[in-house]
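Inspection log for the structure reproduced underneath, given as structure tokens.
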Amino acid sequence: MEQQDISTRHTSKKAKVRLAKRYAFERRFKMFGILAILISAAALMTLVYTIAVKVAGVFTENYIVLDVQYDEKIIDPSGERKTENFELSAFRKLVRTTLRENFSYVPGGRQAFPLYRLLSDAAILEVRKHIQANPELIGSTEKFPLLADDVTNLYLKGYYGTLEKLPSFGVAQPVGTSDTIEVFVQSNSLNVILQAKKDFMAKEIRRLNRQVRAQQRGIDEFNKRILAAETDQREQDIAKFKREVQTYTSRRDALQKEVSDLKLRIKALGGEAALNKDIASFFLKINGGMVKVNKISPDRIEGVVYRPLNSDAPAQEGQWELLVNSKPENDRKISDQQIAWIEKLKEQGKIKEIGNWRFLTANFSREAEQAGVWGAVAGSFWTMMITLLLAFPIGVTAAIYLEEFAPKNWFTNLIEVNINNLAAVPSIIFGLLGLAFVIGVMGVGRSTPLSGGIVLALMTLPTIIIAARAAIKAVPPSIREAALGIGASKNQAVFHHVLPLAMPGILTGTIIGMAQALGETAPLLMIGMNAFVVDTPTWFTDTATAMPVQIFLMADFPETAFQMKTSAAIIVLLLFLVVMNAVAIFLRQRFERKW
Amino acid sequence: MDPELTELAERAQNEQNRPNGHIAKMTARKVDVFYGDKQALFAVDLDVSDRSVTSLIGPSGCGKSTFLRCLNRMNDVIDICRVDGTIKLQEDNIYEKTIDPVQLRARVGMVFQKPNPFPKSIFENVAYGPKIHGMATSKSELEDVVENSLIKAGLFNEVKDRLYEPGTGLSGGQQQRLCIARAIAVSPEVILMDEPCSALDPIATAKIEELIDELKENFCIVIVTHSMQQAARVSQKTAFFHLGKLVEEGETNQIFTNPVDQRTQDYITGRFG
């Protein structure tokens, strides 16, 4: 290399370029780091946001408070007061009768079912439980809060649209008070509905036109293929393609006819329009009744009476209302009729919204409004107890033996490598092991916290052993020497001095392992802990399920209310984890010693 | 009985018993030490006298610490270490099967290079040895042992108000004296010190040296040191190790003023090491 003046070695231009490169690398590295953090933060925020939005609907539940008359003839016709013999069907009848009393205009039989569906089945069970506990109430009347169905509950919370007032002017004159009636309105208030109908039809035309274009593309494509086939003289293909063109053409023509029909109907709308279930629902509130609008013309509506009118007297401006639920009936689980009933109950102040403790204290149920997580929480608790009782002592003693006592040879090396590998084994494999060995050979009951706990303990063991070995290794050898130097035996040195110092690390590792086990689903599915469990497990050998499995099961239900409860259950699980981590931090600080 | 009086009485007794010539407390004959295939000590013969200080000097890696750790079988802890030859503590060959290393270490205590108090209270640090050896049956007895040990280690006056505070909160020199107190609490016959002052400042070093001087009245002390001044100050006998061999041993005066071997001469005059 060329001789260089020493004083310029670190100040030359080349050196400056080198330095600039080094800084550029540093800046790039920092930027990537910040980017990575931002991306993960955004992902986390999205998760929290989704859960938070969904969970908002779970905090409260709605009750319909009605005067229930505990009719002896229905509940206990024999008059013997044998509470254990009280039939559920009798209470179903009682609750239904009570509902019918509030809506006397609803015809009985099949037509009353939508009314009954406003309430949860739990209401019936709860009335029975109440009467079984207090049979002296039979014969009396009492206000009783009846649990609303999940759909009712969601409507009340605004998930199926809310009724909004539209501006309504002029005098409205009803003709008739029940069934199908007409109402004449002397103003242009109804134009809103007409416009909504027009907008809807225009949207429909756009949709159909898109389909027409799609069919046209099909026709063009096959025409091209026919040309190609003709040059190659593939007779069979030509025939086939021609058939295709025909089908596409007929479909296109049908769609085009629909479009032109729609266009004609829009033109004719000046006169009259029928509303269907694909556009917003309009209601007229007049003379104490409620009418669902089915047909509309500029000065007149035709509709079904959902709540009978008191009279057919003309209603002055301000005494009648035009209401809209902008969510089309076909897009929601609750019918316009049911909305009319619920609104009535709301007006009468018979709806009560209270904190949803049921979610935390109830067990699982197929009915969304009744489903809770308590059974799963208890199941997870017992499972975790078994896991901790097995994995912690075994893991820590194994770690102590391997780290402090075992000779270092090929055999212990083999064991060490295998323990590290074990930590990376997919958890489902442990589930298989559990199924084959714990349940098959050991004969532990399926679906019990005992079998689940044993499997999860096997899964957690390597984590605990690795963490404990690292913690024991981190204890300075001077402490061991100090103990040995004054004549402590190896055992005493380890248990009196090394272990207490390693404890914080061991506990942290244990809690990490336990948290992992708490969130584990796959192995529990293998050993049948995804059973539908209705009773709270009270011991290791009771049939049980666990939190993550419960969440998995809940997520499988299509109901909106179940989706919400899934999110809420996830939050409960996260809280569990937060508590466990808090315990870990507390223990770590409690045991931490400086040297 | 007043502890100071006890101590004085003991000291008087010891002075009476003290023979003219030094009795060998520990004798090492043909000690070879291997770490795996590597031989660290070659046929070391050394006598350690009772109630005096023997210092082991030599350059780094010469085997002096290894030899020291043979004296209470601390080398047993190292898997690959093998010791041949005989080392006797009075009449007992300490490498014989009948000798339990745990018991031996109670008789031959050790103080390490870096102060290593247990991360526990001062009291517990000193009380641990007597507790595990069953030397104190009651709480008050234990308190007496702890107090006496701390007095002997010259630490009592400094820590008597905070016996239950962590031993790790003391200064470096105090921690080392605490370790000495911990070692003498089990009443050993021999105390091994592996460079006990190398992590300390000169003032703390002076205190430890003073302490060693006092302790030699009751104990047999073997000290490894890098400081030749220290060896000259505290020890009566000195052994010089070089490359795993015991080059020369003798009265400290003689080693430092009139060494026989050229290597000793070179080392103490600072030509290597």
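Counting partner chain Cβ atoms within 10 Å of every residue's Cβ in B:101-110, what's the average?
The shielding value for this peptide is 4.
Between rounded, prolate and oblate, where does chain A land on the alpha carbon gyration tensor, with a ≥ b ≥ c its root eigenvalues, rounded for a/c under 1.5, else prolate if a/b exceeds b/c?
Working: a/c = 2.42, a/b = 1.46, b/c = 1.65.
Verdict is oblate for chain A.
Of A:V212, A:N363, A:T463, which is farthest on the positive side of the dipole of the protein assembly as shown, counting Cα position, with +1 on Lys and Arg Cβ, -1 on Asp and Glu Cβ, and the Cα centre as origin?
The one lying farthest along the dipole's positive direction is A:V212.
For chain B, what is the calculated [θ] at 222 nm in deg cm²/dmol (nearest 500), taking -39500 (n - 2.57) for each run of four or more DSSP H residues and dividing by its residue count?
Value at 222 nm, helices only, nearest 500: -11000 deg cm²/dmol.
Loop by DSSP (not H, G, I, E, B), at most 11 other beta-carbon atoms within 10 Å: where is the longest site-free stretch of chain A for GluC sites (Glu not before Pro)?
In short, A:81-595.
What angle, in degrees between 0 and 90 and rounded to the nearest 10, separates the Cα long axis of helix B:3-17 from the longest principal axis of the Cα atoms of chain B?
Tilt relative to chain B: about 30 degrees.
Enter the Cα centre distance for the pair the range A:371-428 and the range B:33-107, rounded to the nearest angstrom.
Between the Cα centres of the range A:371-428 and the range B:33-107 lies a distance of 41 Å.
From the phi of every residue in the range B:208-217, what ³J(HN,Hα) in whole Hz does the Karplus formula 6.51 cos²θ - 1.76 cosθ + 1.60 yield, where θ is phi - 60° and glycine or proline is x?
5, 4, 4, 4, 4, 4, 6, 5, 5, 5
For helix A:121-133, what angle does its Cα long axis make with the longest principal axis of chain A, in degrees from 0 to 90 and rounded to 10?
Roughly 80 degrees, rounded to the nearest 10.
Suppose R0 equals 56 Å; then what is the FRET efficiency for A:V53 and B:S171 from their Cβ-Cβ distance, rounded to the nearest 0.05?
Working: r = 60 Å, r/R0 = 1.06.
The computed FRET efficiency comes out at 0.40.
Calculate how steeply helix A:13-55 sits against the longest principal axis of the alpha-carbon atoms of chain A, using the helix alpha-carbon long axis, and give the answer as 0 to 90 degrees to the nearest 10.
Computed tilt is about 50 degrees.
Find the relative contact order for chain A and round it to a whole percent, using C-alpha pairs within less than 8 Å whose residues are 6+ positions apart.
14 percent
In the range B:162-216, with Lys and Arg counted as +1 and Asp and Glu as -1 at Cβ, which of these residues, B:L215, B:G167, B:S198, has the Cα nearest the positive end of the dipole, that is, farthest along it?
About the Cα centre, the residue reaching furthest to the positive side is B:G167.
Amide H to amide H under 5 Å from A:L190: which residues, 5+ apart in sequence or cross-chain, H placed 1.01 Å off N in plane?
Here the answer is none, since no amide H 5 or more places off falls under 5 Å of that of A:L190.
What's the FRET efficiency of B:Q265 with A:T11 using the Cβ-Cβ distance as r and R₀ = 45 Å, to the nearest 0.05?
Taking R0 as 45 Å, the efficiency between B:Q265 and A:T11 is 0.30.
Using the alpha-carbon centroid of each, what span in Å lies between the range A:282-352 and the range B:207-273?
109 Å
Label point 7 Å out from A:K346 along Cα-to-Cβ: which residues of the range A:308-334 have amide N under 11 Å?
Correct set: A:324-325.
Which is the longest run of chain B containing none of the GluC sites (Glu not before Pro) found in DSSP loop states (not H, G, I, E, B) with at most 13 other C-beta atoms within 10 Å?
Counting at most 13 other Cβ atoms within 10 Å as exposed, the longest clean stretch of chain B is B:97-273.
Using the charge dipole of chain A (Lys, Arg: +1 at Cβ; Asp, Glu: -1 at Cβ; taken about the Cα centre), state which of A:N102, A:I339, A:Q563 has its Cα farthest towards the positive end.
Result: A:Q563.
Could you tell me whether chain B comes out rounded, prolate or oblate from its Cα gyration tensor? Rule is a ≥ b ≥ c as square roots of the eigenvalues, rounded for a/c under 1.5, then prolate if a/b exceeds b/c, otherwise oblate.
prolate
Arranged by the count of other C-beta atoms within 10 angstrom, fewest first, what order do A:F591, A:F144 take? Present the calculation step by step, with values, prior to reporting the outcome.
Details: A:F591 15, A:F144 20.
Ranked by crowding around the Cβ, least crowded first: A:F591, A:F144.
Which distance in nm do the two modelled labels at A:S311 and A:Q589 give, with both placed 7 Å along the Cα-to-Cβ direction?
Spacing of the two 7 Å Cα→Cβ label points: 7.4 nm.
Which loop trypsin sites (Lys or Arg not before Pro) in the range A:30-118, with loop taken from DSSP, have no more than 12 other Cβ atoms within 10 angstrom of their Cβ?
Sparse-neighbourhood loop trypsin sites (Lys or Arg not before Pro): A:K82.
Assign one of three labels to the range A:294-354, namely rounded, prolate or oblate, based on the Cα gyration tensor with a ≥ b ≥ c the square roots of its eigenvalues; rounded applies when a/c is under 1.5, prolate when it is not and a/b is larger than b/c, and oblate otherwise. Kindly include the intermediate steps, with their values, before the conclusion.
Details: a/c = 2.18, a/b = 1.27, b/c = 1.71.
Oblate shape, in that a/c is at least 1.5 and b/c is the bigger or equal ratio.
Testing the spin-label approximation: label points 7 Å from Cα along Cα→Cβ at A:E136 and A:L389. State their distance in nm.
Label at A:E136, label at A:L389, 4.4 nm between them.
To the nearest 500 deg cm²/dmol, what mean residue ellipticity at 222 nm is calculated for chain A from DSSP H runs of n ≥ 4 alone, each contributing -39,500 (n - 2.57), summed and divided by the residues?
-18500 deg cm²/dmol
Looking at the range B:131-181, which trypsin sites (Lys or Arg not before Pro) are in a loop (DSSP not H, G, I, E or B) and have at most 15 other Cβ atoms within 10 Å?
B:K160, B:R162
Within 10 Å of each Cβ in peptide A:488-495, how many partner chain Cβ atoms are there on average? Round it to a whole number, please.
So the per-residue partner count for this stretch is 3.
What whole-number distance in Å separates the alpha-carbon centres of the range A:188-258 and the range B:114-135?
93 Å
For Cα pairs less than 8 Å apart in space and 6+ apart in sequence, what is the mean separation divided by the residue count of chain B, i.e. the relative contact order in percent? Let's see the in-between values first.
Values: 496 pairs, mean separation 70.9, N = 273.
In percent, rounded to a whole number, it is 26.
Are there any chymotrypsin sites (Phe, Trp or Tyr not before Pro) in the range B:114-159 that are in a DSSP loop and have at most 12 other Cβ atoms within 10 Å? List them by number.
none
In nm, what is the difference between 0.36 nm times the number of residues separating A:E80 and A:F437 and their Cα-Cα distance?
Result: 123.1 nm gained on full extension.
Below 8 Å between Cα atoms, with a sequence gap of 6+, how large is the relative contact order for the range A:386-531 in percent?
38 percent
Taking A:K327 as the anchor, which lysines have their alpha carbon closer than 16 Å to its alpha carbon, excluding any fewer than eight residues away along the same chain?
Those lysines meeting the cut-off are A:K157, A:K165, A:K197, A:K203, A:K277, A:K292.
We did not get these values from a lab; they are worked out from the coordinates using the rules stated. Being a predicted model, the structure only gives us computed values, none of them experimental. Heads up, the Cβs are rebuilt from the backbone with ideal geometry, glycines too, and the neighbour counts pull from every protein chain shown.
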